[in-house]
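Undergrad: There's a structure below that I have some questions on.
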Amino acid sequence: MGMAVGTAGQTAVKSEPNVVPMIDIMLVLLIIFMIVTPLISAGFKATMPKGANLDPDPEKDNEVVLGIDDRGNYFIDARPVQASALEDQLRSRYENRSEDKILYLKADNQLQYGKVQDAVEIARKAGVRVIAAVTDRNKSVLADFAGTEKKKEGK
């Protein structure tokens, strides 16, 4: 609130609101929305990372691997499973385990992320405690690494 100085030392309260701070906030919000709106409409594409220094570690007998192909079909240990029976299948595998409730997840890189999220939610309901994403080797990184190693050996 501002004060107006009158004549002979008299002061009176202004009846006008101070809108400058409100205008500043509105301009900042306008700039934020101008930047964020194109990013939201462009969408977000999530891809699984590929590793260069991965040790080959084949699945063991007691490990459960959930695979999802590019059409959204589920596979437990490379055997097809109907989406409606996935929770029951996982629950039957994990209900007798006291520890080591780990599910290894392999999903096609062209699959929509919503399908992966659905599988994660189903697995959580079935009693899975840890979900580990399985990645593939990045062949281009490995080729670059092999070329660098050959150059080092040649020196």
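The values are calculated or read from the model by the stated rules, or taken from the named source; none is laboratory data. Here the structure is a predicted model, which means the values were calculated and not measured. Because the Cβ atoms are built from the backbone with ideal geometry, glycine has one as well, and the counts that use them run over all protein chains shown.
Undergrad: Taking the criterion of being at pLDDT below 85, surrounded by 10 or more Cβ atoms within 10 Å (Cβ to Cβ) and part of a strand (DSSP E or B), would at least one residue in segment 68-77 satisfy it?
TA: no
Okay, residues lined up against (1) in contact with a Lys or Arg (Cβ under 6 Å, 6 or more places away or on another chain); (2) at pLDDT 85 or above; (3) closer than 14 Å to V134 by Cβ:
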{"residue": "V5", "(1), (2), (3)": "no, no, no"}
{"residue": "V19", "(1), (2), (3)": "no, yes, no"}
{"residue": "L30", "(1), (2), (3)": "no, yes, no"}
{"residue": "P49", "(1), (2), (3)": "no, no, yes"}
{"residue": "K60", "(1), (2), (3)": "no, no, yes"}
{"residue": "K101", "(1), (2), (3)": "yes, no, no"}
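Undergrad: Condition test on R97, is it at pLDDT 85 or above and assigned to a loop (DSSP other than H, G, I, E, B)?
TA: Answer is no for this residue.
Undergrad: Mind checking which pairs have a first residue in segment 107-127 that is farther than 15 Å from D88 by Cβ and surrounded by 19 or more Cβ atoms within 10 Å (Cβ to Cβ) and a second that is at pLDDT 85 or above and among the charged types (D, E, K, R), Cβ under 8 Å, 6 or more apart or different chains?
TA: Listed pairs, sorted by first residue: A107/K115.
Undergrad: Just checking, does segment 81-93 include any residue being in a loop (DSSP other than H, G, I, E, B), at pLDDT 85 or above and either among the small types (G, A, S) or surrounded by 11 or more Cβ atoms within 10 Å (Cβ to Cβ) (or both)? Full working, then the answer.
TA: Of all residues in segment 81-93, those in a loop (DSSP other than H, G, I, E, B) come to 82.
From the residues that got through so far, the ones that are at pLDDT 85 or above too are 82.
Add one more test, that the residue is either among the small types (G, A, S) or surrounded by 11 or more Cβ atoms within 10 Å (Cβ to Cβ) (or both), and what stays is none.
Looking for residues that are in a loop (DSSP other than H, G, I, E, B), at pLDDT 85 or above and either among the small types (G, A, S) or surrounded by 11 or more Cβ atoms within 10 Å (Cβ to Cβ) (or both), one finds none in segment 81-93, hence no.
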